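Some notes on the structure that comes next.
The values are calculated or read from the model by the stated rules, or taken from the named source; none is laboratory data. Computed from a predicted structure; not experimentally measured. Counting neighbours? That spans all protein chains shown, and the Cβs are built from the backbone with ideal geometry, glycine included. Remember, those area values only see protein heavy atoms, side chains included, never the ligands or the DNA or RNA. Shrake-Rupley method; radii C 1.70, N 1.55, O 1.52, S 1.80 Å.
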Amino acid sequence: TQLLEQSPQFLSIQEGENLTVYCNSSSVFSSLQWYRQEPGEGPVLLVTVVTGGEVKKLKRLTFQFGDARKDSSLHITAAQPGDTGLYLCAGALTSGTYKYIFGTGTRLKVLA
Amino acid sequence: KAGVTQTPRYLIKTRGQQVTLSCSPISGHRSVSWYQQTPGQGLQFLFEYFSETQRNKGNFPGRFSGRQFSNSRSEMNVSTLELGDSALYLCASSRGWGGSNTEAFFGQGTRLTVV
């Protein structure tokens with residue numbers, strides 16, 4: 001069974017703090033996406049990483065794809081209350097069976 | 001360009017009834033996937049359709065079924081509803097496979113409550 005484990009599961013921090021969310025698997029992915037979801041809404045795509053070691057920045061968010069394309073991290077600098085939400089990673093497996101799996105999710109709350 | 005549209009947004013059904021949910025993908029997207037999301041279980045994959053063919057299926061009972069039409073619109077059906085089927089049902093569309101083609105764009109979901 002292919003799994004994408006995210007850690008931590010829950011995170012509550014003060015505005016202005018930094019944080020890192022991890023997404024780990026034993027499987028190799030051809031691409032990996034990060035999404036953010038707010039209550040009652042569908043997840044919204046934040047970024048796609050494709051190349052091992054790739055780093056992408058989206059304002060205060062930095063995404064990194066592991067060299068072996070089995071893991072990824074999301075780092076938020078100076079978190080804002082607007083960053084509150086459920087963060088999900090998702091990966092496309094390389095096996096050719098068109099399997100796209102979602103991580104277990106990290107629920108972030110940023111307090112003002 | 002229009003996003004993914006799911007109808008209805010909210011639905012209340014009684015145990016034993018059946019329900020059909022609809023999803024219109026982004027124009028040009030040929031893949032449609034369905035997910036069930038509950039607070040306890042997170043995002044659970046139901047099935048994926050590509051060009052009218054079911055390409056992948058999750059571990060859900062046969063009461064859950066779906067189909068995709070030639071215009072890529074998709075429907076999912078749940079028969080003999082159970083209380084545990086109460087959830088947010090999300091539909092996602094993507095272009096296909098490989099690199100950014102795999103990026104999923106989600107609808108706002110259908111909130112199903114079974115009473």
- Task: Go through region B:39-51 residue by residue and tally those that are surrounded by fewer than 21 Cβ atoms within 10 Å (Cβ to Cβ) and within 14 Å of the chain's Cα centre (by Cα).
- Result: 3
- Filter result (away from chain B (no Cβ under 14 Å), surrounded by 13 or more Cβ atoms within 10 Å (Cβ to Cβ) and among the small types (Gly, Ala, Ser)) within region A:40-71: A:Gly66
- Return the residue satisfying two criteria in turn: it lies in region B:2-38 and is hydrophobic (A, V, I, L, M, F, W, C), open to solvent by less than 40 Å² (accessible area, probe 1.4 Å) and in a strand (DSSP E or B), and of such residues it is farthest from B:Gly66 (Cα to Cα). B:Leu11
- Query: Among the residues of region B:50-61, is there at least one that is without any contact (Cβ under 8 Å) to a residue 24 or more places away in the chain and of a type in the set (Ser, Thr, Tyr)?
  - Reply: yes
- Message: For a quick check of your reading of the model, give me the residue pairs whose first member lies in region A:8-22 and is without any contact (Cβ under 8 Å) to a residue 60 or more places away in the chain, whose second is among the hydroxyl-bearing types (Ser, Thr, Tyr) and surrounded by 16 or more Cβ atoms within 10 Å (Cβ to Cβ), with beta-carbon atoms closer than 7 Å and at least 6 apart or on different chains.
- Response: A:Thr20/A:Ser73; A:Tyr22/A:Ser73
- Task: Report whether or not A:Leu111 is open to solvent by 20 Å² or more (accessible area, probe 1.4 Å), within 18 Å of B:Gln44 (Cα to Cα) and of a type in the set (A, V, I, L, M, F, W, C).
- Result: no
- If you take the residues in region A:87-99 that are facing another protein chain (nearest Cβ under 10 Å) and closer than 16 Å to B:Gln37 by Cα, which one is nearest to the chain's Cα centre (by Cα)? A:Leu88
- Message: Could you check region B:58-115 and list, in sequence order, the residues that are within 13 Å of chain A (Cβ to nearest Cβ), in a helix (DSSP H, G or I) and either open to solvent by 50 Å² or more (accessible area, probe 1.4 Å) or basic (Lys, Arg) (or both)?
- Response: B:Ser100, B:Asn101
- Members of region A:82-111 that are free of Cβ contacts under 8 Å to residues at least 60 places away in the same chain, touching a Leu at 6+ places or on another chain (Cβ under 8 Å) and not acidic (Asp, Glu): A:Thr84, A:Gly85, A:Leu86, A:Tyr100
- Query: Looking only at residues in region B:27-55 that are touching a Lys or Arg at 6+ places or on another chain (Cβ under 6 Å) and either within 17 Å of B:Arg111 (Cβ to Cβ) or of a type outside the set (Phe, Trp, Tyr) (or both), which one is nearest to the other protein chains (Cβ to nearest Cβ)?
  - Reply: B:Glu48
